[in-house]
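Enquirer: Please read through the structure below; I'll follow up with questions.
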Amino acid sequence: MNRGRYAPTPSGDLQLGNARTATMAWLYARASGGKIVLRIDDLDLERCSEEYEFRQIEDLAWLGLTWDGALVRQSERVETYRAAARQLVTAGLAYPCFCTPVEVRLAASAPHGTDPIYPGTCRHLDPAQAAERIAQGERHALRLAVPAGIERFDDFVHGNVAINVAETAGDLVLIRSDDVIGYQLACAIDDAQPDITHVVRGDDLLASAAFQRLLMRALDLQPPSYGHVPIMLGDDGTRLAKRHGSNTLREQRELGASPEDVIGMLAGMFMIGDGSPADIAALIPLAAGLAG
């Protein structure tokens with residue numbers, strides 16, 4: 001039985017692209033007779049809010065999406081992530097990094113417009129000196145010492161995937177210098193839970209699957225199967241954004257669209273149905289090929 005999850009970040013109203021991914025994840029699970037849980041990725045308290053969490057959950061319910069089990073909030077699991085980070089430090093797989101964001105950008109080599117790739121400046125610091133700096137209260141992040149090599153896995157949308165994590169991202173941040181748990185660590189731990197077997201999400205996170213699989217292996221966790229679906233683009237070929245008009249579920253509701261209008265449109269983009277208005281439950285049999 002497939003057991004999936006949908007994990008929005010409550011930093012704004014739910015965009016149509018996110019709703020499309022939620023719809024695909026839900027249909028993938030239900031078409032196989034499986035279950036799906038809702039997880040709220042709310043670790044970054046500066047960006048996330050309870051108001052947006054409520055609005056997103058309300059919008060998903062308006063679409064007709066239902067969930068199995070209790071709602072999971074990452075903000076309630078912080079000690080679990082910290083314990084995993086300590087495990088990696090004890091195993092010699094993680095290290096403190098004292099570089100500031102400006103220093104990382106200056107030291108990193110990355111094409112213009114992309115995230116800087118951390119060159120491992122602090123990886124080989126003397127452990128005693130690092131411990132002394134920490135004892136003196138010096139601000140620091142915690143990073144995974146990413147090994148050289150290719151991470152390979154099968155994606156049930158993209159097929160065979162091979163990503164060099166060291167060259168793509170460098171040493172991954174486990175805990176930020178402001179003490180916020182890093183996305184890759186939290187997501188890796190939560191997606192490796194026994195009640196998750198399949199992860200359906202946008203293909204802008206394809207590389208993250210390689211990052212997270214590496215972390216799971218370091219923590220002796222079992223990775224799920226992944227399927228990364230195309231993200232939703234505007235007419236200009238760029239990722240759907242405010243400049244493209246009414247692109248949130250809330251705005252569609254206010255414009256008078258029905259849940260069936262939106263579900264039919266979103267599912268039709270993946271050739272599940274013909275794009276005409278449809279109740280999501282009626283699309284489950286049509287999604288059998290997706291789950292197969």
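Throughout, read-outs are computed from the coordinates displayed, never taken from laboratory work. From a predicted model like this one, the values you see are computed outputs, not experimental measurements. Counting neighbours? That spans all protein chains shown, and the Cβs are built from the backbone with ideal geometry, glycine included.
Enquirer: Report the net charge of residues surrounding Met24, where surrounding means a beta-carbon distance below 13 angstrom and charges are Lys +1, Arg +1, Asp -1, Glu -1. Let's see the in-between values first.
Expert: Numbers: positive: Arg5, Arg20, Arg30, Arg201; negative: Asp203.
Value of the local net charge: +3.
Enquirer: So, one more: Let me check I've understood the local charge: for Gly34, count other residues with C-beta under 13 angstrom from its C-beta, Lys and Arg +1, Asp and Glu -1. What total comes out?
Expert: On the way: positive: Arg3, Arg5, Arg30, Lys35; negative: Asp68, Asp195.
Around Gly34, the charge tally is +2.
Enquirer: When the Debye formula is applied to the Cα atoms of segment 74-175, each taken as the same point scatterer, what base-10 log of I(q)/I(0) results at q = 0.10, 0.13, 0.19, 0.22 Å⁻¹?
Expert: Calculated log10 I(q)/I(0) at the listed q: -0.35, -0.58, -1.08, -1.24.
Enquirer: Hey, another quick one. Using a 10 Å cut-off on Cβ atoms, rank the peptides 252-259, 208-215 from the highest mean neighbour count down.
Expert: Details: 252-259: 13.6, 208-215: 24.2.
In descending order of packing, they fall as 208-215, 252-259.
Enquirer: For segment 162-235, what ratio Rg/Rh do Cα atoms give with a Kirkwood hydrodynamic radius? Don't jump to the answer; show the numbers that get you there.
Expert: Numbers: Rg = 13.1 Å, Rh = 13.2 Å.
Ratio of gyration radius to Kirkwood radius for segment 162-235: 0.99.
Enquirer: Something else now. Over all alpha-carbon pairs of the chain, lay out the pair-distance distribution in 5 Å bins, whole %, shortest bin first.
Expert: Pair shares across the bins are 1, 5, 11, 15, 17, 16, 13, 10, 6, 4, 2, 1, 0.
Enquirer: While we're looking at this one, here's another question. Compute the distribution of all C-alpha to C-alpha distances in segment 135-274, in bins of 10 Å from 0, and list the percent of pairs in each, rounded to whole numbers.
Expert: 10, 29, 29, 22, 8, 1, 0
Enquirer: List the Cys residues of the chain that have no partner Cys with a C-beta closer than 4.7 Å.
Expert: Cys with no partner Cβ under 4.7 Å: Cys48, Cys99, Cys187.
Enquirer: To two decimal places, what compactness ratio does segment 15-143 give when its Cα radius of gyration is scaled by 2.2 N^0.38 Å?
Expert: On the way: Rg = 20.3 Å, N = 129, 2.2 N^0.38 = 13.9 Å.
Dividing the Cα Rg of segment 15-143 by 2.2 N^0.38 Å gives 1.46.
Enquirer: Given contacts defined as C-alpha pairs under 8 Å and at least six residues apart, what's the relative contact order of segment 69-228, whole-number percent? Numbers along the way, then the final one.
Expert: Numbers: 225 pairs, mean separation 35.4, N = 160.
Relative contact order here is 22 percent.
Enquirer: Ok, one more. If you fit an axis through the alpha-carbon atoms of helix 50-63 and take the longest principal axis of the Cα set of the chain, what angle between them do you get, 0 to 90°, nearest 10?
Expert: Roughly 30 degrees between the two axes.
Enquirer: Relative to a virtual label point 7 Å from the Cα of Arg105 in the Cα→beta-carbon direction, which members of segment 141-159 show backbone nitrogen distances below 14 Å?
Expert: Residues passing the 14 Å test: none.
Enquirer: Sticking with this structure for a sec: Please list 172-180, 154-162, 128-136 highest first by mean number of surrounding beta-carbon atoms within 10 Å per residue.
Expert: Details: 172-180: 18.2, 154-162: 12.9, 128-136: 11.2.
Highest-to-lowest ranking by the protection proxy: 172-180, 154-162, 128-136.
Enquirer: Where does helix 78-90 land angle-wise versus the long Cα axis of the chain, in degrees 0 to 90, nearest 10?
Expert: For helix 78-90, the angle is close to 40 degrees.
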